1. Which number in (1) over 29 Å from Ser345 (Cβ atoms); (2) touching a His at 6+ places or on another chain (Cβ under 8 Å) marks the one condition that Ser173 misses?
2. Can you pull out every residue in region 155-211 that is within 19 Å of Pro244 (Cβ to Cβ) and without any contact (Cβ under 8 Å) to a residue 24 or more places away in the chain?
3. Mind checking which residues of region 222-250 are among the hydroxyl-bearing types (Ser, Thr, Tyr) and either under 24 Å from Thr350 (Cβ atoms) or not assigned by TED's automatic domain parsing to the domain that holds Thr186 (or both)?
4. Somewhere in region 41-55, is a residue out of contact with any strand residue (DSSP E or B) (no Cβ under 6 Å at 6 or more places or on another chain) and either among the β-branched types (Val, Ile, Thr) or assigned to a loop (DSSP other than H, G, I, E, B) (or both)?
5. What is the number of the single condition among (1) under 16 Å from Cys130 (Cβ atoms); (2) crowded, with 18+ Cβ neighbours inside 10 Å; (3) not assigned by TED's automatic domain parsing to the domain that holds Leu308 that Ile272 does not meet?
6. Condition test on Gln36, is it touching a His at 6+ places or on another chain (Cβ under 8 Å), modelled with pLDDT of 95 or more and either in a helix (DSSP H, G or I) or surrounded by 17 or more Cβ atoms within 10 Å (Cβ to Cβ) (or both)?
7. Has region 14-32 got at least one residue that is closer than 14 Å to Leu308 by Cβ, without any contact (Cβ under 8 Å) to a residue 24 or more places away in the chain and part of a helix (DSSP H, G or I)?
8. Residues of region 380-419 being assigned to a helix (DSSP H, G or I) and farther than 26 Å from Asp180 by Cβ, which ones?
Amino acid sequence: MHTPSQIRARGQHLRAALDQVIEQRGWSLPKRRAHQWRTLRSLVQHAHAHVPLYQRLFAEAGFTPAMLDDWEDLSKIPILTKHELRSATLADLIGQENRGDIRWLASSGSTGIPASMARTEESLWHYMACNTALYYDWCHGKPLSNGLYLIDMAPDSIDFATADLLRTTVPDSRIFSVHDPVAKLTCELLSIAPEFISSYPSTLRAMALDLRAQNRVMKKTRLIHLTSEMLDAHTRHLLSQTFPNARLIETYTSTEGGLVAWQCMQGSRWHIAEANVLCEIVDDNGLPTSDLGHVVITDLTNTATPILRYRGLGDLARWEPESCPCGSSARRIRHMEGRSAAMVSTRSGTLISPYVVTNAIEEVPGLAQYQVVQKQPGMIEVRVVAEGNASLDCVEKGIQSALESALESAVDLQITFVSTIAAPAGSHKVPLVISELPLAA
């Protein structure tokens, strides 16, 4: 519980960030591009001078900031991979001068390979302000006060940090952890009957299945915000039945890049948050492409651990060349394959958030990559790629212990060591959690 003075101080932080976001929204395209270029050069110089990770990567690539003369030189900056970010020590990820007002965060591991990084408090407030401004857009300037927020409350997640900032304007009684049992979350949903819900697709999908089993329909919900996972067609259909009067809006976010893009309210396009990120779509060789390619981002808001030309989100997209009917000049993505997750079913049929599983095992020593697959209720297979020098016995015992504790032995485990984890046929994505259980009728 925050004191009045703390709330007032937080309100001042949010207001300052909102003022900046509102100003940036009014920028012309040339002014926005100038901001991107100026910030990019500053971040590159900072990384080169102070951040050991980039000092090593730049040296290996033969790159120096002096080589960055214009936009055509962008491809000279080496691409940062998830492996490189994950392999770096904490000392490699941050300059000495940035070790004060920061938060250390860990990615959700949506590609199966989690990574740590530091964010400045200022960048988190900017992230909060961007989402607040979008919310006002979605509500046409008339915010819905009766809201419900379902958040990953792992202490090192960006959503936990955001929840802390969210308490500036939202009472604790409206913020719930996705780690709570589905039955509890459904009970709270029925009690509150919110007009607005912010959630992950997998969490709300599980709640919708629970509601459907009870023959309950939430007619008062008017707006649903979904983030961090791609909304698949089955889940969209289920939510449209359970929340028949709700408009579904998605945002494309990540720990490493903050708010990357948002779904236009006038179509299926996604607008890039160009004041926040520099977004590229590149081919396998790291060169720009107009075809389907890898999403590469540079975070323009964070100086703690700079994120420069980062390909670790694991997503692919293609540019939308046509102008948008909404009038925004921000660049647009036509198609995107996003991250996905699936609920885990116990032997008794209870549904558990995939984040309970992923948060439990992401820090197991020797674990390079993993994928959780469920083919029958009460049983999950954890496919594991171990680090080269790791003891397989220690990795197996670490995963076994972590999951037995997190799942309270409600699920039988099978741990399989593999050399690689490939994307499924017809997809470019390597899903972190796969459920092959049929959707309840």
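The values are calculated or read from the model by the stated rules, or taken from the named source; none is laboratory data. The shown structure was predicted, so the numbers you read here are calculated from the model rather than taken from an experiment. Neighbour counts are summed over all protein chains in view; Cβ atoms, including those assigned to glycine, are modelled from backbone coordinates with ideal geometry.
1. (2)
2. Across region 155-211, there are no qualifying residues.
3. Passing the criteria: Ser228, Thr235, Thr242.
4. For region 41-55, residues out of contact with any strand residue (DSSP E or B) (no Cβ under 6 Å at 6 or more places or on another chain) and either among the β-branched types (Val, Ile, Thr) or assigned to a loop (DSSP other than H, G, I, E, B) (or both): present.
5. Condition (3) is where Ile272 drops out.
6. no
7. No, the conditions are met nowhere in region 14-32.
8. Leu392, Asp393, Cys394, Val395, Glu396, Lys397
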